Every structure is written in structure tokens, then in C-alpha cells.
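**Q** Could you have a look at this structure, given as C-alpha cells, before my questions?
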Amino acid sequence: MIDASDPDALAHEATVLRLLSELGADKIPVLTVYNKKDRLKTAFITPKDALLISAFDMSDMDSVRLSIQSRMTRQMVAYHKRIDAKEGQLIAAIKTRSIVTEQRFLADEQAYDFTGYVLPDSPLAALGKEQF
């Protein structure tokens, strides 16, 4: 997160990138977010794959969340699974250890349909191998 309204924004960005490198975190995916667009007095050109936001704008915050989710799901395994409603522990694990993009309760079958993404090394990754 970089303060886009700061006259030294580029220097701050360079410092952040250097610190990430020193921590060994320069090899993991990064989302660069330039904040405080509401305080900009001059034009600001946002680099490719970066976001320019105001933390006070809820639609901007939604954009950040969706961008993070999109970047995460590119590294995950998609799954579609029907789970019996009696499988409470599995349902809880799915809700807390995966990104659920759709959940429907099927009253006539007393089951849930889940669609989402899970990390490939998770025990839940088997969900992606078994389809409905």
C-alpha cells in the first residue's frame, strides 16, 4: 500500500520493494495498491496490474478484495461438490478453508452444493477431483 498523494510516493514504493526483497518475499505474488486517490492534486498514472483507490470508497475496497481473490484463485484448485447437510464438520471446513463462490441449499435432498477454490496442498483439494 503506497500513499499516492505523497510527493515521494516513488521513493516509498522503492523502499517497500527493497524491504520485501530483504525479507525474501519478492518471489511471491504482489498486488500494488496506491491509496488516497481522493487527495491527489495532479494526474496519477497507475502502473499495469496495480490499483488506485481511496480507502474511504467502498467500491474501491470491493475492487481490492476482488483483485486479491482473483490472484489467489489463479493458484488454487476449483471444486464443485454436493455435501450432505449432516456433514457439519466438512461444511465448516469448506467455509473456513476455501473460497466459496457459490453455496446453495437443496431442501429436497437435505444437501448443500458448494462451488469454490481450495489450495492444491489442502486436504480439501480432493473436492476438486470429485465432481457432483
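The numbers here are math on the coordinates, done by the rules we state, and not lab data. Since the model is a prediction, treat every value here as computed from it, not as a measurement. When we count neighbours, we look across all protein chains shown, and the Cβ atoms used for this are built from the backbone with ideal geometry, even at glycine.
**Q** How far is helix 88-97 tilted off the main Cα axis of the chain, in degrees rounded to 10, range 0 to 90?
**A** Approximately 20 degrees, to the nearest 10.
**Q** With viscosity set to 1.306 mPa s at 10 °C, what whole-number translational diffusion coefficient in µm²/s follows for region 77-128 from Stokes-Einstein and a Kirkwood radius over Cα pairs?
**A** 146
**Q** If you average 1/r over all unlike Cα pairs in region 2-73 and invert the result, what Kirkwood radius do you get in angstrom?
**A** After inverting the pairwise mean of 1/r, the radius is 13.2 Å.
**Q** Computed over the Cα atoms of the chain, what is the ratio Rg over Rh, Rh following Kirkwood?
**A** A ratio of 1.13.
**Q** Not counting the cut sites, what is the longest span of the chain without trypsin sites (Lys or Arg not before Pro) that DSSP labels loop and that have at most 11 other Cβ atoms within 10 Å?
**A** Answer from the scan: 87-128.
**Q** Based on the alpha carbon coordinates of region 27-67, what radius of gyration and maximum Cα-Cα distance (Dmax) apply, in Å?
**A** According to the Cα coordinates of region 27-67, Rg and Dmax are 10.8, 34 Å.
**Q** Oh, and also: To the nearest 10 degrees, how steeply does helix 58-73 sit against the main Cα axis of the chain, on a 0 to 90 scale?
**A** Around 60 degrees separate the two axes.
**Q** What FRET efficiency would be calculated for the residue pair Phe105, Ala78, taking the C-beta separation as r and a Förster radius of 22 Å, to the nearest 0.05?
**A** For Phe105 and Ala78, the calculated efficiency is 0.60.
**Q** Quote the charge dipole size of the chain about the Cα centre in Debye, to the nearest 20; the model charges only the Cβ of Lys and Arg (+1) and of Asp and Glu (-1).
**A** About 140 debye.
**Q** Mind checking the full-extension length gain between Ala93 and Ala126? Use 0.36 nm per residue of separation minus the Cα-Cα distance, one decimal, nm.
**A** Contour length minus the Cα-Cα distance gives 10.6 nm.
**Q** Let me ask you something else. For the chain, what is the number of Lys pairs with C-alpha distance below 25 angstrom, counting only pairs 8 or more positions apart or on separate chains?
**A** 8
**Q** Put a dot 7 Å past each Cα toward the Cβ at Thr115 and Lys86; how far apart are the dots in nm?
**A** It is 2.8 nm.
**Q** Here's a follow-up. Expressed in nm to one decimal, what extension gain is obtained for the pair His12 and Gln69 from 0.36 nm per residue of sequence separation less their Cα-Cα distance?
**A** Result: 18.0 nm gained on full extension.
**Q** Turning to a different aspect of this structure: Could you please report the charge total around Val30, scoring K, R as +1 and D, E as -1 over all other residues with beta-carbon less than 14 angstrom from its beta-carbon?
**A** Residues close to Val30 contribute a combined charge of +2.
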